[in-house]
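Structure first, then comments.
The values are calculated or read from the model by the stated rules, or taken from the named source; none is laboratory data. Quick caveat: nothing in here was measured; it's all calculated off a predicted structure. With ideal geometry, Cβ positions are generated from the backbone for all residues, glycine too; neighbour counts draw on all protein chains shown. Just the protein is used for accessible areas: all its heavy atoms, side chains included, with ligands, DNA and RNA removed. Shrake-Rupley method; radii C 1.70, N 1.55, O 1.52, S 1.80 Å.
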Protein chains: 8
Amino acid sequence: MSDLKVAVMMGSKSDLPIMEETANILKDFGVGYEMKVLSAHRTPKETAEYAEDLRKRGFKVVICGAGASAALSGVVAAHTTLPVIGVPIDATSLNGMDALLSTVQMPPGVPVGAVAIGKPGAQNAALLALRILGTENSEIAKKLEEYKQKQRQKILDISLN
Amino acid sequence: MSDLKVAVMMGSKSDLPIMEETANILKDFGVGYEMKVLSAHRTPKETAEYAEDLRKRGFKVVICGAGASAALSGVVAAHTTLPVIGVPIDATSLNGMDALLSTVQMPPGVPVGAVAIGKPGAQNAALLALRILGTENSEIAKKLEEYKQKQRQKILDISLN
Amino acid sequence: MSDLKVAVMMGSKSDLPIMEETANILKDFGVGYEMKVLSAHRTPKETAEYAEDLRKRGFKVVICGAGASAALSGVVAAHTTLPVIGVPIDATSLNGMDALLSTVQMPPGVPVGAVAIGKPGAQNAALLALRILGTENSEIAKKLEEYKQKQRQKILDISLN
Amino acid sequence: MSDLKVAVMMGSKSDLPIMEETANILKDFGVGYEMKVLSAHRTPKETAEYAEDLRKRGFKVVICGAGASAALSGVVAAHTTLPVIGVPIDATSLNGMDALLSTVQMPPGVPVGAVAIGKPGAQNAALLALRILGTENSEIAKKLEEYKQKQRQKILDISLN
Amino acid sequence: MSDLKVAVMMGSKSDLPIMEETANILKDFGVGYEMKVLSAHRTPKETAEYAEDLRKRGFKVVICGAGASAALSGVVAAHTTLPVIGVPIDATSLNGMDALLSTVQMPPGVPVGAVAIGKPGAQNAALLALRILGTENSEIAKKLEEYKQKQRQKILDISLN
Amino acid sequence: MSDLKVAVMMGSKSDLPIMEETANILKDFGVGYEMKVLSAHRTPKETAEYAEDLRKRGFKVVICGAGASAALSGVVAAHTTLPVIGVPIDATSLNGMDALLSTVQMPPGVPVGAVAIGKPGAQNAALLALRILGTENSEIAKKLEEYKQKQRQKILDISLN
Amino acid sequence: MSDLKVAVMMGSKSDLPIMEETANILKDFGVGYEMKVLSAHRTPKETAEYAEDLRKRGFKVVICGAGASAALSGVVAAHTTLPVIGVPIDATSLNGMDALLSTVQMPPGVPVGAVAIGKPGAQNAALLALRILGTENSEIAKKLEEYKQKQRQKILDISLN
Amino acid sequence: MSDLKVAVMMGSKSDLPIMEETANILKDFGVGYEMKVLSAHRTPKETAEYAEDLRKRGFKVVICGAGASAALSGVVAAHTTLPVIGVPIDATSLNGMDALLSTVQMPPGVPVGAVAIGKPGAQNAALLALRILGTENSEIAKKLEEYKQKQRQKILDISLN
């Protein structure tokens, strides 16, 4: 299970502290991933080429984190038929609402699955990617079940007294 | 390719005109789906049981459409480890912003991939589900590529003169 | 008046500093309460069972604090016929607007009474629960009247010179 | 069970089509109610006096519907210690967001339980009032349970084929 | 010109640092004012009585600062026919948007003139009150003209080199 | 009382149906007014000159209605020391939120009193102007009191049975 | 002055009724333009190539209209160094706020000049393009001055009596 | 290339730290600019005169930064036919949303090209001005192409390992 399965892209190096949350969960699940900074606006060609090559390089899912007018996930979805997950990042004075709307309000035909703004979204992007991989990989599916049980147990172990 | 692959849930029968957009695309791709009205608030147990059974019934992806305080996709994601796609529906005076935030702002640990509000989102939910299926099913992947080319051609065929 | 009357639930331990505002007021009024961390998304079954048992355990009111896509109060309201009060908590970059809309925009049939975002709401949730108890308990009603007078006097005692 | 239990107030006669949704549910449950148009801004004294008399007249719960800068529920809550439920009404170009924030963002000390904007909220206001009455009235509690079962059954009876 | 002309009310002592901006400008103009903490929700009667007496006590204008569900200016406007200026105060997680909408979206019949959220608004409330006084008081009108010239000169004196 | 007292300006002829609400109330009170279409953006000089002349022409108050980026009230306030009331008009897809923020969020030094978006605001602008005039004109003050009583009576006369 | 100077792009044929407002003004000024439907998401390559060729084809300005997650203007700006003007189009339930934020909140390095949502913006996009052309073309500059005078005169000719 | 080409205006000296971002980029490109603090509200005449003189002084583009009810760019656009770029500045509790809407929602006839809120917008304002200058100045066009390549290279040089 060490091949590259998930591409974790981000529009700027300043998104790294958020997108490392994604990487950490993928690492914990033992799923191979590649992190890449590519911008829909500053490196449009490289972004297009990178997205176009993902399927043939064996990737199964793409996760794109971007802030402001967050075009990255949509542009990547335009250049691949792999499932694309968008993480809106709070990078301006508008608290991430700009990135959320840019990420989620995709026109019909080019789908992006958006998760929550910022770190919770970055974590859930990894988990959603794992759920996608888990549709065919029973080992990942089993680990997701265990993860769910651990989360559950953590809550049940809380004692307020 | 006629088995049930995608569960298309919705919180109310009034969501049907939106969610039929999802069904139509799945039908066009020849992918088996099941439509089901179940409410996180009015039929919580049946929703939980339905979600829990999805994986063993052979489903690969769940799509949930809901308006207002749209809890359905999150509750379904809590009861399965399959990938869940949420379609926020514009069902109140707030233009779907309530459904969008309820759907997308999931806490870490329980992922939902949100698409756009209303019909464009319902269509993209189907396409995202197909992209997920297409990670392992080369026939679907091929059809997605063709769909993309048709979309592209439709734009290129537009003549403004 | 020492029996358990009010269940104070929250979706995450990080909500505790807010929900302690609720507890403090209930304590001051000498009303029995139970605090419980249970998540609509991470412990859905335990949440359902806990909510279902509340009435037979003698509780009269439930208060639920949750942030982000705040499904807790709605899910609890789905599993009990006791009155449910929702406290939206500011837990994301969106300043609690996500939690507010998720809490208040309940579909018809499953009511939640929402209070303000954060600490003011947590305090008012306790006072609203006390008003509910005070509809039948004249001692609590009397204490609420005194509380109101004290609040009034506090304002009147302010001297700006 | 025919005494007056619930006061249904509204700030303007134009709110009546919304607030009749509240009345209809109370009527269906056989609970006595009184409807009253009184404005926090245009009849402040009569509003204050009406609110102050509610408890001694035997009312248990107050429901207040108002649009725009919806001060009614807060002002009523200031003049009684009964539980107050606020229904924000979409009466301006802002889709009810003004009424929602005015209703729900009460300062600490004077609680209002807000429900959803418009008709869904007006219906839930009745149901929340009934849940409050049902904390002590087992007949109402039983009817609420039956209502819940009917709602559930309605969903389960939907056939999409 | 030392009589009391402007009443400067606020809903909570925590609003004082904002409303002192109002007071400072009135003081600079030599206009008599009275500051008063009174709450629409916690001291409704005293607020009503205070507002009702303002005209006969010789006041010409009322300024009301309040945050959250900012009912003060509207309630005061309901109890007097003097011009009322509302200062929305940023007192919750919603950045003052709640106070702004509560203050400005008054229903027809009971006017409030709203100024900007927070300190800029508190300063402009004083200046608007002075403009009102200046409609009949030529000394104040002259001082306003001088103030305007001073503001203008301050800008013109800025050297960026 | 037939002299010109209130200038009613608007940025576009399309604002007339809203601003006639202002005119109608002024007419009912027998207060002289002048209506004028002048744009901060399309007739900046004429707007400036018109505003500058208002005081010497005997006007006491200016009311400015404008939509979109509603600069009119602020620009008029910059060219006079008379009190300026701004009516935000819902003239774009943003429901008047753009006009509201442009009107109310004035920087310190140049005050505008904003009223509600659209017709309710246009009516209240007239009433606020009358309250300003009524600070020195006891006849107007008396009429405002009567108007208030009529409004009150209208509410009290409503019978819901 | 009949060469092609302005490229008027739009993301979907449904944007045409809006973008024709742009074309009409350019036509009135006698400035050559080319209208083109190309989508950042559905025809990414053709969009990139079209944008890249614009300068060498002699165009001076690009105007891009798009709704929802409006990536077109940003993507075009990424592939040319010509000035790009973005027209946000109201194409979803969110009233164009999604398109506005996607268009205007560009990250540093890739500039887009955004105009208002919908038709007013489409008209102003043409005028802004003309102002850009008018920096070097004195005939256009003169026509802009005349246009301004006509606009001014239109306002001054309005008679409200 | 040392003549004054770009006027960089701002409404208040407190906007300087933002607008220096504009200046720095213009300086790096060797393009002459003039910075000026002038307020649409506090120095309306000087603002009008300054704007009117810009074309004859040889300026080609105007950039205006302003916060709150940001009237500066619109007022400047009303007094010149040069292209005007507006930078909304986050100067109030509303995170710059007020300045953004005031800047971008210009009525038809008077165009302003708005860029992002704050520093990213201030930088892009400079780049958009340079693109405008570059339509006729091939040296600037060449530098813009190099700038773009440098930006691209910066992204490509990022190594995450």
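Some observations on this one:
- Selected from F:118, F:30, F:86 as most flexible by GNM, with chain F as the system and alpha-carbon contacts under 10 Å: F:30
- Between the amide H of residue G:60 and those of G:6, G:7, distances stay under 5 Å, these residues lying 5 or more places away or on another chain, with hydrogens modeled in the peptide plane.
- When peptides A:126-135, F:151-160 are sorted by average Cβ neighbour count within 10 Å, with the highest value leading, the order is A:126-135, F:151-160.
- For chain A, the longest principal axis of the alpha carbon atoms and the long axis of helix A:16-28 meet at an angle near 50°.
- The contact residues of region F:124-141, meaning those that lose at least 10 Å² of 1.4 Å-probe accessible area when all protein chains sit together rather than their chain alone, are F:124, F:127, F:128, F:131, F:132, F:134, F:135, F:136, F:141.
- Positions from region A:59-76 whose accessible area shrinks by 40 Å² or more when the full protein complex is built, not the chain alone, probe 1.4 Å: A:60, A:69
- Max mean-square fluctuation residue, GNM over chain C, Cα-Cα springs under 10 Å, options C:110, C:84, C:61: C:110
- When +1 charges are put on Lys and Arg Cβ atoms and -1 charges on Asp and Glu Cβ atoms, the dipole computed for region D:1-77 relative to its Cα centre reaches about 160 debye.
- Neighbour cut-off at most 15 other Cβ (10 Å), DSSP loop, GluC sites (Glu not before Pro), region D:52-161: D:136
- Normalised by the number of residues in region E:5-156, the average gap of Cα pairs under 8 Å and 6 or more apart makes the relative contact order 22 percent.
- Most positive-pole-ward Cα, G:4, G:101, G:78, against dipole of chain G from beta carbon charges: G:4
- Whole-angstrom gap from region A:87-161 to region E:94-152, using each part's C-alpha centre: 47
- Chain E: most fluctuating residue of E:17, E:83, E:108 per GNM, C-alpha cutoff 10 Å: E:108
- Counting only lysines at least 8 places from residue D:150 when in the same chain, those with an alpha carbon closer than 16 Å to its own are B:13, B:45, D:142.
- Listed pairs D:119/F:119; A:60/B:5; C:148/E:56 exceeding 21 Å between Cα atoms: D:119/F:119; C:148/E:56
- Within 10 Å of the Cβ of each residue in D:12-22, the mean number of Cβ atoms contributed by other protein chains is 1.
- 0 to 90° range, to nearest 10: angle between helix G:44-54 axis and chain G longest Cα axis: 50
- Eligible aspartates and glutamates near residue F:27 by straight Cα distance, threshold 16 Å, same-chain separation 8 or greater: F:3, F:139, F:146
- Beta bridge orientation in chain E: antiparallel %, DSSP, nearest 5: 0
- Peptide F:148-158, shielding by other chains (average Cβ, 10 Å cutoff): 6
- From helices alone, chain E scores -14500 deg cm²/dmol at 222 nm; the rule is -39500 (n - 2.57) for each run of n ≥ 4 DSSP H residues, then divide by the residue total.
- Taking 0.36 nm per residue of separation and subtracting the current Cα-Cα distance, fully stretching the chain between residue B:49 and residue B:16 would add 9.7 nm.
- Solvent-accessible area of region A:5-156 (1.4 angstrom probe, protein heavy atoms only): carbon and sulfur portion equals 48 percent.
- Evaluated with a Cβ-only charge set (Lys, Arg +1; Asp, Glu -1), the protein assembly as shown carries a dipole of roughly 0 debye about its Cα centre, given to the nearest 20.
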